[in-house]
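Visitor: Sharing a structure below in structure tokens format, with a few things to ask.
The values are calculated or read from the model by the stated rules, or taken from the named source; none is laboratory data. Being a predicted model, the structure only gives us computed values, none of them experimental. Cβ placement follows ideal geometry from the backbone for every residue including glycine, while neighbour counts extend to all protein chains displayed.
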Amino acid sequence: MTDVDARQRSFVTRVVSGDRSLLALLGILVLLVVANTIIDSSFASAGQLRNTLLVTAPLALLAGGQTLCMLTGGIDLSVAMTATAAAYVTGVLSASGSPAVAILAGLGVGLVVGLVNGLAVGVFRVNPLIMTLGMAGILTGLLTVGSQSFLSGATRMSPLVLELGRGTIVGFVPWNLLVWLVLGCVLVFGLRRTGLGRLVYAVGDNRVAARLAGVRVWQVETAVYTACGLLAAVAGILIGGRSGSVDLQLAGSFLLPSVAAAVIGGTSILGGIGGYTGTILGALILAVLDTMLNLLTVDEPVKQVLYGCIILGLAWLYARGTSRDTT
Amino acid sequence: SGGGGSTNTGTGSGSGSGAGDKKYVIGVSNTLVGNGWREEMICAVKAESLASKKVSKVVVTNRNGGPTEQIADLRSLISQGVNAIIVNPSDREKLNPVIKQATAKGIVVVSVDQAVTEPSAHVATNDQVAYGRLGGEWLAKAIGGKGNVVEMRGIAGVPADDDRHKGFTEALAKYPDIKVVKEVFTGWDFSKGGQQALDLLNTSTKVDGIWTSGIDYTVVNAFQTLKKPPVPVVGADNNEFLNQLLNQYDKGVRGAAVTNPATIGGVGASLAIDVLDGKEVPRETTLTPQVWDYDTTKSELEKNYFPDRDPTYSSQVEVKPHTDYTPEQLFACKGPGE
Amino acid sequence: MTRTLRRSAWTGAVTVIFALLLVWNITQVPTFGAFEIQTLLASTLALAYLAMAQSVVVIGGGIDLSVGAMLVLINCLSARFMEGTSFGGSLLVAAGCLAVAAGIGALTGFVINVSKVPDIIVTLATSFVLGGVALFVLPSPGGGASPGFQALVLGADGTAWWPALACLVVPLLVIWLPLRRSKAGIAIFAVGSDSNAAFLSGVNPLQTKVVSYTVSGLFCGLAGLASTAFTAGGSPQATIAVTSTLASVAAIVLGGVALTGGVGGLVGPVIAVWCLYLIPNIMLGLGVDPSYGQVVGGVVVVVVVMVGGWLRLGRGKPA
Amino acid sequence: MTDTPLLHTSEIAKRYGSVVALRSVDLVVGRGEVHGLVGANGAGKSTLVKILTGVLRPDSGVVEVDGKRVRLRSPAHARAAGLAPVFQDPAFARDLTLADNLKLTGTSHAGFRRQLELLEIRDVDLGARAGELALPLLRMLDLARSLAHDPRLILLDEITAALPADYAQQVFGAIARAKADGRSVLFISHRLLEVQELCDQVTVLRDGRNVVTHARAEDLEQRIVAAMLGERAALAVTEPAKVAPVRSVVPGEPALSVRNLSDGHRVRDVSFSIAKGEVLGITGLEGQGQDELFALLSGDRRASGGEIVVAGQPLSARHPVDAIRRGLALVPGDRLEALLPQRPVAENLATPTYARPSKWGWINADRERQKVSDAIKRLSIDTRAQAQVKRLSGGNQQKVAIGRWLVAGFDTLLCFDPTRGIDVGTKHQIYDLFRELADAGRSVLMFTSELREVPLACDRVLVMYGGRIVAEMPSAEADEATLLNSAHGLAETLADQA
Ligand SMILES: Nc1ncnc2c1ncn2[C@@H]1O[C@H](COP(=O)(O)OP(=O)(O)OP(=O)(O)O)[C@@H](O)[C@H]1O
Ligand SMILES: Nc1ncnc2c1ncn2[C@@H]1O[C@H](COP(=O)(O)OP(=O)(O)OP(=O)(O)O)[C@@H](O)[C@H]1O
Ligand SMILES: [Mg+2]
Ligand SMILES: [Mg+2]
């Protein structure tokens, strides 16, 4: 009988009521939406809904990669530059070659960057913070040089990417939501229902135990950072699709939000706790918050202070939640 | 003269190759990495140096940072024994002491894009107040002297942003029926600006025109993203924006490109070389922006749009009479001896 | 004797590397004199302080992503209130700013310890807040400092190099050395090394956290003041905060401070800062495109951390 | 005045989450008295020590020193009150020099050095980093440090557990001196002989209660044992089935055999082999190389000499997974090395199944749920607090640690002290489980620090001393006296002297 209620727990409650924090996040989200609607009546429109989704999708994908890394107790500070690089490559190639090739090349960039990060962190045991920081610098340099030599030229996205980036399927459903939906499901269920997913948590929760259980930690970490790189690439291409064409700072402004979304979503930066469902809510909250600040034309200082307070506040809540039941 | 003296130190360090008669070494100081406009500015310095045939090499310092870093970079350039320094200043006053030290050593300092208050430095800038005013006036006319406009500024606290705001406000002062309904800071970040446009255009407040401090093509795209009829947009001479003005006219895209040429770097270089040659050069060279739009100056749009350059490429590649390089030299972005 | 050598091996290595780089740089420039030395010392002063600040926290087992924002805040604060003051007035303002910085540091440490939220998250959040406040204090670049105050870093005629060095050494002697020898200072190392053993040895975790972050705040304050003196004003740009925070992390890692805590000092990081200053300079001399400089910088940091990690693995402390 | 005891605790209680460590302890330690504290694993000794030294706060109860009630807020505070501990794991920060470590506790170098003199420990360099020193030495330094504070009560938590004989002698000497100086000592040990030798009074702790306190006497040991075991003895008697299930037919081919295995350090050419269907016990005092032996067998460490043969094929493991592939599954002694504290029970149980990349794919939820709930049933794991394993009681944590391999599958189970800190009922469940596994043709190699469980659980037992196997016997003959003798390496030390 114990296993029976175990089953129910894992199915129903884990998704909604099982995690009180998820409900809390949902509440915050609703609150923000209501506030926005009060500020501007037209906020509660299909158009704005579509718009919010459109803006959230890339962020949520970046934050997804970030979540993976954080679950293993790491972090990836190169996601923004990876996204930019991938988009840039896609853009340059779209201008010349076929869109498919261009996209594949973009994804290739993400793959390579992620793989390098993963091997460095997993095999050579470089601290993730330093590794990804260095990688960001390296990418910036290469991209800047490249934009004048081997990557010079127009970076206009192909119609395909444009459609993905800003097109609409029906009503309020943009195409990039579809991409997000697919990858989002892969992440949510991948973390819950695949062996690798389990190992991601295991490695993050207790490295030693994972090793003694026969897990080759470096394999898991390499896989995770590679996945993160790929997600960043997809996000970058989507952002590029929305902007129409790519500049060297395309995704720069997404780095800190990607971390913030994961943290707000309840993923512990020490690893082992969290998941993508929370991150999704975190990303939505940030997007709606951004809109609100734009509507209010709040100036930069207030924005930053608010950002900081929200991150700290929610992180504190989670910490209390987890520390309460530690013996 | 001072120029002559510095020439000698120049050849002394002039990368050995200093066989020719007058080979100058030109230093560049920039404190914003990975920004297309700034990179093009640097390329312009290189191209002009190459075209002038009087420069042995161009040495560039470029890293993210503020006045502290830039002062250090300028000092390093001085130590390297350059003959002239083209600096895009991160601050109006804070560089003055080190610039004075440089000029005292006979080094020619030209501050481009933004001004410095140090009198011994030359200044080559785009007239940012005019940039704001001309764009504002165009917009006002375009929307028939009345309606709601959105002002999308750059980075709070940056001089150029203040100046443009000043000019824009001046221009609209003449049109009491025009209301600025929103004022946002894009941080000169194209994707961010695009997102903000999406948010703003979704609100119930009607928008008849948008003035941007250069974050233009993503704003135009926002209309397509939202499937809304575009309203007049004022932007800069970004390559992609020109493309939109030219090729999406039939889709109803209207707007004006107010030039803010990154090739100001080239202007700075040619000024520096002139000074080194002992020519008389006024302290300040100010480029008044041109305003290009489809209806009146289509030819300019066509002349300056380069289909195979990247979207943020500042399209006014030549600034006559100052620059002598060919567009190809600029695109190649190779200085002498590279 | 041999042990002290072995223990300070890392710092020694960094010093040697610095010496080599310096020689290389000297051969590049036509003349190397007081002016160049002053550039080296004065322009890196703020970052050196920042590296010290970061070291103290990391040695104590944490990491502080808000050092850059703190620097900017104190820079703006001091610049705003020093403008047009006498030398005495400037000193007064400086003292006030240091107090503020130390206070913020203490508060940060307290919050971390009480909330049980990882340092990296708390300081990430506070970096946003501090950056915002800085923009309140000084919406756009400006402010100033009395000439006398600038002389503290640049010398009376603005060309002396030793004041900057003094500015660096004095706090080391006045703040760090006593602390390093005191029980509170040792407690920082102990907690960073093994918080449980430290607790069993009677260390008070809260107090230690607060102390380390207070000292760190103090150094951040000095960094802010240094840049005020060096640039005779304040600049609120957020990019400065981010850039210098990242630089500080890179510096301490190169300077031999283990990100796992408990190991390292303050001299190594300072010398590392000088190395990080020289590398782009040398590439400038070589006429290398600064964009490649970025690449080289990134590679250097990663490789050093990797090698350092291997060396430390011997001591069972993965970096 | 003098009749007020130095230390008097009343009704001390402490629970760790769901685990009740101490129910109610009344302890009285007189001046100049060496007071023994004994009890089964998990009886609550260390917890009591940790409370008396300010490491933990009691949930309830009173601590009185000199008849004055004290609240021990922190270790420092306890030291100030005259209570100086030597914990089981030395409290030295490894990256700090000894000098700095001493400074943390405010210990005077002079006093420390004098104590070292008395302990006959010479040429200790205070400039050395603690991490560079050997564990036994560190324990002695820890002792010296506590003594240097001229404490009124010294608390020694199993200090002799991992000490070589000569150091142990020094410790006894120190205790005698302390007694002579009128200090009191609280001496915790699993070695009853020591206790009988040293202690004036002995308090027996069982399941978080002080069951009895005896003065020194001839038959002290028997009394202690009786008190320690309590109803456990009864249980053992009432279940004769459990006693020594002698297996006449010891099955043929060996599942695992080890030849001259050594790690060049703590394990010295160990040879033995375990047959399919056999439960082989290993016992010994703490720190006799058993930990290292298990690390070698489980592929956690690489051997320097000798060979491990699994099912006829030699095994050289670079990573635990290599051993696991060959059917060797480890249940570590410290649950922190076995569990994912923040993850649910089901996930903990299932994780080893997915270790190999070939298993990274989609999880067959039904099969997993089936296997997991089988394991839960089979071990009757209490799943009330299953959301996070760290909330489970120690016993249930141990069950989860074992259950993982029931789910993942194995041929030979390597269990290190599987019944540590576990209540008697669970112990018997675990014995039964091992028996079942053996009957199913698997084999179990278990280290146990509790000699009494050898006849209950094992077919055969090896005794380790100083990194060697010094004795082997069928568990039928493995009565406590015999085991203790060989465990103390008596035979061997005699041989050495000869
Ligand atoms: N950190 C902890 N978390 C949860 N339970 C614990 C913890 N430490 C001890 N316990 C439990 O408290 C009980 C008593 O622990 P304690 O350390 O006092 O035992 P002990 O008498 O010292 O055993 P040993 O003879 O092994 O030293 C044990 O059952 C153990 O499971
Ligand atoms: N986190 C834990 N993991 C494994 N076992 C634990 C844990 N906490 C407590 N225990 C059990 O509780 C008992 C006491 O634990 P603790 O470490 O507090 O005392 P100890 O004296 O070190 O125990 P031991 O004598 O077994 O080493 C130990 O026997 C141990 O098995
Ligand atoms: Mg014990
Ligand atoms: Mg114990």
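Table: residues versus (1) closer than 21 Å to C:A79 by Cα; (2) within 16 Å of the chain's Cα centre (by Cα); (3) part of a helix (DSSP H, G or I).
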{"position": "B:T68", "(1), (2), (3)": "yes, no, yes"}
{"position": "B:R75", "(1), (2), (3)": "no, no, yes"}
{"position": "B:V82", "(1), (2), (3)": "no, no, no"}
{"position": "B:P89", "(1), (2), (3)": "yes, yes, no"}
{"position": "B:A102", "(1), (2), (3)": "no, no, yes"}
{"position": "B:Q114", "(1), (2), (3)": "no, yes, no"}
{"position": "B:A124", "(1), (2), (3)": "no, yes, no"}
{"position": "B:V129", "(1), (2), (3)": "no, yes, yes"}
{"position": "B:R133", "(1), (2), (3)": "no, no, yes"}
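Visitor: Which of the residues that make up segment A:232-258 are more than 8 Å from chain B (Cβ to nearest Cβ) and not hydrophobic (A, V, I, L, M, F, W, C)?
Guide: Listed by number, the residues that qualify are A:G236, A:G240, A:G241, A:P257, A:S258.
Yes or no, residue by residue, for (1) in contact with a Pro (Cβ under 9 Å, 6 or more places away or on another chain); (2) of a type in the set (A, V, I, L, M, F, W, C):
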| position | (1), (2) |
| --- | --- |
| D:A346 | no, yes |
| D:P352 | no, no |
| D:R356 | no, no |
| D:N364 | no, no |
| D:Q388 | yes, no |
| D:G395 | no, no |
| D:I402 | yes, yes |
| D:I430 | yes, yes |
| D:A440 | no, yes |
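Visitor: Looking only at segment D:341-368, which residues are of a type in the set (A, V, I, L, M, F, W, C), within 10 Å of A:L196 (Cα to Cα) and touching a residue at least 24 places away in the same chain (Cβ under 8 Å)?
Guide: As a first pass, look at segment D:341-368 and keep what is of a type in the set (A, V, I, L, M, F, W, C): D:345-346, D:349-350, D:355, D:360, D:362-363, D:365.
Filter once more, so that each one left must be within 10 Å of A:L196 (Cα to Cα): D:355, D:360, D:362-363.
Hit for segment D:341-368 is D:A355, nothing else.
Visitor: For a quick check of your reading: which helices (runs of 4 or more DSSP H) sit entirely within segment D:272-353 and have at least 1 residues that are among the basic types (K, R)?
Guide: Working: elements: D:290-297, D:320-325, D:345-350.
In segment D:272-353, D:320-325 are the helices (runs of 4 or more DSSP H) which contain 1 or more residues that are among the basic types (K, R).
Visitor: Still on this structure: Somewhere in segment D:142-150, is a residue in contact (Cβ under 8 Å) with a residue 60 or more places away in the chain and within 16 Å of ligand 3 (Cβ to nearest atom)?
Guide: Checked against the condition, which is being in contact (Cβ under 8 Å) with a residue 60 or more places away in the chain and within 16 Å of ligand 3 (Cβ to nearest atom), segment D:142-150 yields no hits at all.
Visitor: Looking only at segment D:82-96, how many residues end up being crowded, with 22+ Cβ neighbours inside 10 Å and either within 16 Å of ligand 4 (Cβ to nearest atom) or more than 7 Å from chain C (Cβ to nearest Cβ) (or both)? Outline the logic, then answer.
Guide: Step one: filter segment D:82-96 for residues crowded, with 22+ Cβ neighbours inside 10 Å, giving D:83-87, D:90-93, D:95-96.
From what is left, the residues that are either within 16 Å of ligand 4 (Cβ to nearest atom) or more than 7 Å from chain C (Cβ to nearest Cβ) (or both) are D:83-87, D:90-91.
Qualifying residue count, segment D:82-96: 7.
Visitor: Kindly indicate whether any position in segment D:420-427 is in a helix (DSSP H, G or I) and more than 16 Å from ligand 2 (Cβ to nearest atom).
Guide: The first filter runs over segment D:420-427 and keeps only residues in a helix (DSSP H, G or I), leaving D:424-427.
If we keep only those that are more than 16 Å from ligand 2 (Cβ to nearest atom) as well, we get D:425.
Yes, some residue in segment D:420-427 is in a helix (DSSP H, G or I) and more than 16 Å from ligand 2 (Cβ to nearest atom).
Visitor: Is there any pair linking a residue in segment D:44-63 that is among the basic types (K, R) to one that is within 14 Å of ligand 1 (Cβ to nearest atom), with Cβ under 6 Å and at least six apart or on different chains, and which?
Guide: These pairs meet every condition: D:K45/D:L37; D:K45/D:G39; D:K45/D:I188; D:K45/D:L205; D:K50/D:L56.
Visitor: Within segment B:174-184, does at least one residue satisfy the condition of being over 28 Å from C:Q237 (Cβ atoms) and within 7 Å of another protein chain (Cβ to nearest Cβ)?
Guide: Looking through segment B:174-184, none of the residues is over 28 Å from C:Q237 (Cβ atoms) and within 7 Å of another protein chain (Cβ to nearest Cβ).
Visitor: Any idea how many residues of segment B:56-77 are under 17 Å from C:V288 (Cα atoms) and either aliphatic (A, V, I, L, M) or more than 8 Å from every other protein chain (Cβ to nearest Cβ) (or both)?
Guide: 7
Visitor: So, in segment D:360-376, of the ones that are part of a helix (DSSP H, G or I) and facing another protein chain (nearest Cβ under 8 Å), which residue ends up nearest to D:D432 (Cα to Cα)? I'd like the intermediate steps shown before the answer.
Guide: Keep residues of segment D:360-376 that are part of a helix (DSSP H, G or I), which gives D:365-376.
With the extra rule that they be facing another protein chain (nearest Cβ under 8 Å), the set shrinks to D:365, D:369, D:372-373, D:376.
Details: D:A365: 29, D:R369: 24, D:V372: 19, D:S373: 19, D:I376: 15 Å.
So the residue we want is D:I376.
Visitor: Just to confirm my filter: which helices (runs of 4 or more DSSP H) fall fully inside segment D:18-109 and include at least 2 residues that are modelled with pLDDT of 90 or more?
Guide: It comes to D:45-52, D:98-104.
Visitor: When you look at A:Y225, is it touching a Cys at 6+ places or on another chain (Cβ under 8 Å) and more than 9 Å from every other protein chain (Cβ to nearest Cβ), yes or no? Break it down into steps so the answer makes sense when it comes.
Guide: Values: touching a Cys at 6+ places or on another chain (Cβ under 8 Å): yes; more than 9 Å from every other protein chain (Cβ to nearest Cβ): yes.
Considered against the rule, which asks whether it is touching a Cys at 6+ places or on another chain (Cβ under 8 Å) and more than 9 Å from every other protein chain (Cβ to nearest Cβ), A:Y225 comes out as yes.
Visitor: Please note which strands (runs of 3 or more DSSP E) are completely contained in segment B:210-305 and include at least 1 residues that are within 14 Å of another protein chain (Cβ to nearest Cβ). Before you say what the answer is, go through the steps one by one.
Guide: Numbers: elements: B:233-236, B:255-258, B:284-287, B:291-293.
Once the strands (runs of 3 or more DSSP E) in segment B:210-305 are filtered for at least 1 residues that are within 14 Å of another protein chain (Cβ to nearest Cβ), what remains is B:233-236.
Visitor: Mind checking which residues of segment D:299-356 are acidic (D, E) and either in contact with a strand residue (DSSP E or B) (Cβ under 8 Å, 6 or more places away or on another chain) or under 14 Å from D:F416 (Cβ atoms) (or both)? Steps first, answer last, please.
Guide: So the first thing to find is which residues in segment D:299-356 are acidic (D, E), and the list is D:300, D:307, D:322, D:334, D:337, D:347.
Listed by number, the residues that qualify are D:D300, D:E307, D:D322, D:D334, D:E337.
Visitor: Go through segment D:39-58 residue by residue and tally those that are touching a Leu at 6+ places or on another chain (Cβ under 7 Å), closer than 25 Å to D:Q196 by Cβ and within 14 Å of ligand 3 (Cβ to nearest atom).
Guide: So in segment D:39-58, the residues touching a Leu at 6+ places or on another chain (Cβ under 7 Å) come out as D:39, D:43-45, D:47-50, D:52-55.
From the residues that got through so far, the ones that are closer than 25 Å to D:Q196 by Cβ too are D:39, D:43-45, D:47-49, D:52.
Now drop any that are not within 14 Å of ligand 3 (Cβ to nearest atom), which leaves D:39, D:43-45, D:47-49.
Selection size over segment D:39-58: 7.
Visitor: How many of the residues making up segment B:96-134 are in contact with a helix residue (DSSP H, G or I) (Cβ under 7 Å, 6 or more places away or on another chain) and farther than 30 Å from B:S79 by Cα?
Guide: Qualifying residue count for the region: 6.
Visitor: Another question about this same structure. Quickly run through segment D:346-358 and pick out the residues that are more than 8 Å from every other protein chain (Cβ to nearest Cβ) and surrounded by 20 or more Cβ atoms within 10 Å (Cβ to Cβ).
Guide: Passing the criteria: D:N348, D:L349.
Visitor: For residues that are surrounded by fewer than 20 Cβ atoms within 10 Å (Cβ to Cβ) and over 19 Å from the mean Cα position of the chain (by Cα), scanning just segment D:135-151, find the one that is farthest from D:R114 (Cα to Cα).
Guide: D:L137
Visitor: Is there a residue being within 16 Å of ligand 4 (Cβ to nearest atom) and not small (G, A, S) anywhere in segment D:140-149? Talk me through it step by step, then tell me what you get.
Guide: Restricting attention to segment D:140-149, the residues satisfying the condition of being within 16 Å of ligand 4 (Cβ to nearest atom) are D:142.
Remaining after also requiring not small (G, A, S): D:142.
Yes, segment D:140-149 contains at least one residue that is within 16 Å of ligand 4 (Cβ to nearest atom) and not small (G, A, S).
Visitor: In segment A:282-308, what count of residues is obtained for those that are more than 8 Å from every other protein chain (Cβ to nearest Cβ) and part of a loop (DSSP other than H, G, I, E, B)?
Guide: Residues in segment A:282-308 being more than 8 Å from every other protein chain (Cβ to nearest Cβ) and part of a loop (DSSP other than H, G, I, E, B): 2 in total.
Visitor: For segment D:262-313, how many residues meet the condition of being surrounded by fewer than 22 Cβ atoms within 10 Å (Cβ to Cβ), closer than 16 Å to D:G327 by Cα, touching a residue at least 40 places away in the same chain (Cβ under 8 Å) and charged (D, E, K, R)?
Guide: Qualifying residue count, segment D:262-313: 1.
Visitor: I've got another one for you. Which of the following residues is within 16 Å of ligand 2 (Cβ to nearest atom) and more than 14 Å from chain C (Cβ to nearest Cβ): D:K68, D:K50, D:K14? Please lay out each step first, then the result.
Guide: Working: D:K68 fails: within 16 Å of ligand 2 (Cβ to nearest atom); D:K50 fails: more than 14 Å from chain C (Cβ to nearest Cβ).
Going through D:K68, D:K50, D:K14 in turn, just one is within 16 Å of ligand 2 (Cβ to nearest atom) and more than 14 Å from chain C (Cβ to nearest Cβ): D:K14.
Visitor: Taking the stated definitions as given, is A:L133 more than 22 Å from A:L111 (Cβ to Cβ) and part of a helix (DSSP H, G or I)?
Guide: Details: more than 22 Å from A:L111 (Cβ to Cβ): no; part of a helix (DSSP H, G or I): yes.
Here the answer is no, as A:L133 does not meet what is asked.
Visitor: Give me the pairs, please: first residue somewhere in segment B:34-58 and on the phi > 0 side of the Ramachandran plot, second residue anywhere and hydrophobic (A, V, I, L, M, F, W, C) and not in a loop (DSSP other than H, G, I, E, B), beta-carbon distance under 8 Å, and either six or more positions apart or on two chains.
Guide: Note: pairs meeting the criteria are B:G34/A:L143.
Visitor: Let me ask something additional. Hey, could you check segment D:22-47 for residues that are of a type in the set (S, T, Y) and near ligand 1 (Cβ under 9 Å from one of its atoms) and say which is nearest to D:I188 (Cα to Cα)? Walk me through it before giving the result.
Guide: Initially, segment D:22-47 is screened for residues of a type in the set (S, T, Y), giving D:24, D:46-47.
Add one more test, that the residue is near ligand 1 (Cβ under 9 Å from one of its atoms), and what stays is D:46-47.
Details: D:S46: 8, D:T47: 12 Å.
If we take residues in segment D:22-47 being of a type in the set (S, T, Y) and near ligand 1 (Cβ under 9 Å from one of its atoms), then D:S46 is nearest to D:I188 (Cα to Cα).
Condition check ((1) more than 15 Å from the chain's Cα centre (by Cα); (2) charged (D, E, K, R); (3) crowded, with 24+ Cβ neighbours inside 10 Å) across all residues:
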{"position": "B:V234", "(1), (2), (3)": "yes, no, yes"}
{"position": "B:G265", "(1), (2), (3)": "no, no, yes"}
{"position": "B:G268", "(1), (2), (3)": "no, no, yes"}
{"position": "B:D295", "(1), (2), (3)": "yes, yes, no"}
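Visitor: On to the next question. For residues that are within 16 Å of ligand 4 (Cβ to nearest atom) and assigned to a helix (DSSP H, G or I), scanning just segment D:156-205, find the one that is nearest to D:G82 (Cα to Cα).
Guide: Ranking the qualifying residues of segment D:156-205, first place goes to D:V195.
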